[in-house]
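Peer 1: This is the structure I want to talk about, given as structure tokens.
Each reported figure results from applying straightforward, stated rules to the coordinates on display, with no laboratory input. Bear in mind that the values here come from a model prediction, so they are computed numbers and not experimental data. Here the Cβ positions follow ideal geometry from the backbone for every residue, glycine too, while neighbour counts run over all protein chains shown.
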Amino acid sequence: MSPSKPHVKKCVLAYSGGLDTSVIIRWLIENTGCEVVAFSADLGQGENLEPLRRKAIRTGASKIVIEDLRQEFVRDFVSPSIQANALYEGKYPLATALGRPLIAKWLVQIAKAEGADAVAHGCTGKGNDQVRFEVVTNALGPELKVLAPVREWELKTREEEIEYARKHRIPVQATAAKPYSFDSNLWGRSIECGALEDPAAEPPEDAWQSIVSPQKAPNKPLVVEIGFTRGVPTSLDGKKMKTLDLIERLNKIGERHGVGRIDMVENRLVGIKSRELYEAPAAVMILTAHKELEAMCLDREVAHFKPILEGKMAELIYYGLWYSPLREAISAFMAEAQKKVTGSVRLKLYKGSIMVIGRESRHSLYDPRLATYDVGDRFDHTAAEGFIQIFGLPSKVLARRK
Ligand code: ARG
């Protein structure tokens, strides 16, 4: 410990039970003498967290708090991001980035309840997640210190961490070879490191964890109908459903049909370009359907303006600025703009592709009498002439000048 290190009595650690956060518990006790409370959240990563109770205590934690935050995650984070069509750099549905502020919010809440003076996380110094945890802690618990052991400890490799664990009798099942790094929740899985670091190389098939290869998906297409209420998905194939259940259901369906694989090079907040894979079947299907419904229900000017704020929203989420005045103001705009986004969209899934095949809404602004080229046309064709004369006037003036 360098002498400049803040004095800590008790800290709450974002704990996954993996090698890093297991070693962190011990390391914090050894290096700061503080008491460690572990916190683990279920964000729909599909993992039983109960075994962590014993594990955390055996590793040295004084207490562990486990919370099922799936409903809160969907209601307060995923739903607003659906309304905003939030995709970072047009591709990444932001699963990890949306999960961090919720975990950080709980870290702060628990720290206050436990009388702790710090929170801790297991992020490295190269990623976005450290920024998200810390900026949210600054916003919600400015009096709390933040400890990031992985950023400062002397354990340079995974092997050294395993050795440290062995020496301190920390129960870990880790093996030296770990080809990729993952972070998962119900909105998607992030995959990085290893063979993926060559952006020219096709991802090895074993990098994908849950979505079947499109080549191996069924030869028969599947049609799903997603219904929305004010921009939030609320039914599947005509059946009312909790948004959480619907997302979990769509993930299963998409995984079977090879839908939702994303391969991208993205700009991290810390200045690095990074090649990442995402598996986000439900997110990709829901956002595709949602945009399509908006095309029917939004007034033209709203439709053209909204993407400007969508891009900003995605950036704010990615940057860890969920709890910020601009994000809140944009969400207010989105909620207003979603008032008429109620209806349903049919998607055809086929070997990794998603085709929109139909949409309907009682708030649809699509008027068949105006659109038709057949009998029943109510559009005033003669009015077009005067409109074009005036609309084209600047072009005419300009041409005469030349
Ligand atoms: N690049 C993504 C993001 O910044 C994913 C980060 C994944 N984190 C991880 N621990 N594997 O949101």
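Peer 1: Percent antiparallel among DSSP beta bridges with both residues in the chain, to the nearest 5?
Peer 2: Beta bridges within the chain, antiparallel portion: roughly 70 percent.
Peer 1: What are the extents of the Cα atoms of region 1-80 along their three principal axes, listed from largest to smallest and rounded to whole Å?
Peer 2: Dimensions of region 1-80 along the principal axes of its Cα atoms: 45, 28, 18 Å.
Peer 1: Can you give the charge dipole size of region 64-113 about its Cα centre, rounded to the nearest 20 debye, using +1 on the beta carbon of Lys and Arg and -1 on the beta carbon of Asp and Glu? Present the calculation step by step, with values, prior to reporting the outcome.
Peer 2: Numbers: 6 positive and 5 negative charges, 17 e Å.
Result for region 64-113 is approximately 80 debye, rounded to the nearest 20.
Peer 1: OK, next. If the reach is capped at under 19 angstrom between alpha carbons, list the lysines near Lys167, excluding any in the same chain fewer than eight residues apart.
Peer 2: Those lysines meeting the cut-off are Lys55, Lys156.
Peer 1: Based on the Cα atoms of region 164-230, what semi-axes does the equivalent ellipsoid have, where each is the square root of 5 times one gyration tensor eigenvalue, given in whole Å with the largest first?
Peer 2: That gives 34, 19, 13 Å for the three semi-axes.
Peer 1: For the Cα atoms of the chain, what angle does the longest principal axis make with the long axis of helix 129-140, in degrees from 0 to 90, nearest 10?
Peer 2: It is inclined by approximately 90 degrees.
Peer 1: With springs only between Cα atoms under 10 Å, which of Tyr350, Tyr373, Tyr319 fluctuates most in a Gaussian network model of the chain?
Peer 2: Tyr373
Peer 1: Now for a different question. Report the Stokes-Einstein translational diffusion coefficient (µm² s⁻¹, integer) for region 334-396, Rh taken as the Kirkwood radius over Cα pairs, at 10 °C with viscosity 1.306 mPa s.
Peer 2: Values: Rh = 15.8 Å.
D, rounded to a whole number, is 101 µm²/s.
Peer 1: Follow-up. Helix 95-114: angle to the longest alpha-carbon principal axis of the chain, degrees 0 to 90, nearest 10?
Peer 2: Around 50 degrees separate the two axes.
Peer 1: So if I place +1 on the C-beta of Lys and Arg and -1 on the C-beta of Asp and Glu, and nothing else carries charge, what would the dipole magnitude of the chain be about its Cα centre? I want it in debye, nearest 20. It would help to have the intermediate numbers written out before the result.
Peer 2: Numbers: 57 positive and 52 negative charges, 72 e Å.
Around 340 debye, computed over the chain.
Peer 1: For Lys145, what residues show an amide H to amide H distance below 5 Å, using hydrogens built from the backbone and excluding near sequence neighbours?
Peer 2: It is Ala118, Val119, by chain and number.
Peer 1: Continuing with the same structure: Let me spell out the model: positive unit charges on the Cβ of Lys and Arg, negative unit charges on the Cβ of Asp and Glu, origin at the Cα centre of region 49-148. What dipole size does that give, in debye rounded to 20?
Peer 2: 320
Peer 1: Please name whichever of Trp208, Gly194, Met241 sits farthest to the positive end of the charge dipole of region 187-251, dipole taken about the Cα centre and charges placed at Cβ: Lys and Arg +1, Asp and Glu -1.
Peer 2: Selected residue: Met241.
Peer 1: Any aspartates and glutamates with Cα under 19 Å of the Lys351 Cα? List them, leaving off those in the same chain fewer than 8 positions away.
Peer 2: Glu202, Glu205, Asp206, Glu225, Glu255, Asp263, Glu279
Peer 1: Let me test this: with uniform point scatterers at the alpha carbons of the chain, what is the Debye-based log₁₀ I(q)/I(0) at q = 0.08 1/Å?
Peer 2: Reported log10 I(q)/I(0), two decimals: -0.51.
Peer 1: Which residue, His257, Cys297, Ile272, has the largest displacement toward the positive end of the dipole of region 187-297 when charges sit on each Cβ (Lys, Arg +1; Asp, Glu -1)?
Peer 2: Towards the positive end, the residue furthest out is Cys297.
Peer 1: I need to check one value: relative contact order of the chain, counting alpha carbon pairs closer than 8 Å and at least 6 residues apart, in percent.
Peer 2: Answer for the chain is 18 percent.
Peer 1: Quick one: plug the Kirkwood hydrodynamic radius of region 271-402 (C-alpha pairs) into Stokes-Einstein at 4 °C, 1.567 mPa s, and report D in µm²/s. Intermediate results must be reported in sequence, preceding the final value.
Peer 2: Details: Rh = 18.9 Å.
The diffusion coefficient I find is 68 µm²/s.
Peer 1: Give the order of Ile354, Ile24 when sorted by the count of other beta carbons within 10 angstrom, beginning with the fewest. The partial results should precede the final answer.
Peer 2: Working: Ile354 19, Ile24 27.
Lowest count first: Ile354, Ile24.
Peer 1: Using packing as a proxy for protection, rank 33-39, 197-203, 396-402 so that the peptide with the highest average count of other Cβ atoms within 10 Å comes first. If you can, show how the numbers build up before the last one.
Peer 2: Working: 33-39: 22.0, 197-203: 10.4, 396-402: 7.6.
Answer by packing, highest mean first, reads 33-39, 197-203, 396-402.
Peer 1: Working from Cα positions, state the angle (0 to 90°, nearest 10) between the long axis of helix 325-337 and the longest principal axis of the chain.
Peer 2: Roughly 40 degrees, rounded to the nearest 10.
Peer 1: For the residues Phe77, Phe387, what sequence is obtained by ranking on other C-beta atoms within 10 Å, fewest first?
Peer 2: Values: Phe77 24, Phe387 10.
Fewest to most other Cβ atoms nearby, the residues stand as Phe387, Phe77.
Peer 1: Kindly provide log₁₀ I(q)/I(0) values, in the same order as q = 0.09, 0.14 Å⁻¹, from the Debye equation applied to equal alpha-carbon scatterers of region 128-280.
Peer 2: Normalising to I(0) and taking log10 leaves -0.47, -1.00.
Peer 1: Taking springs between alpha-carbon atoms closer than 10 angstrom, which of Lys55, Lys339, Lys156 fluctuates most in the Gaussian network model of the chain?
Peer 2: The residue that fluctuates most here is Lys156.
Peer 1: Return the lysines within reach of Lys348: Cα separation strictly under 19 angstrom, same-chain partners fewer than 8 residues apart disregarded; answer none if there are no such residues.
Peer 2: Lys216, Lys220, Lys239, Lys252, Lys291
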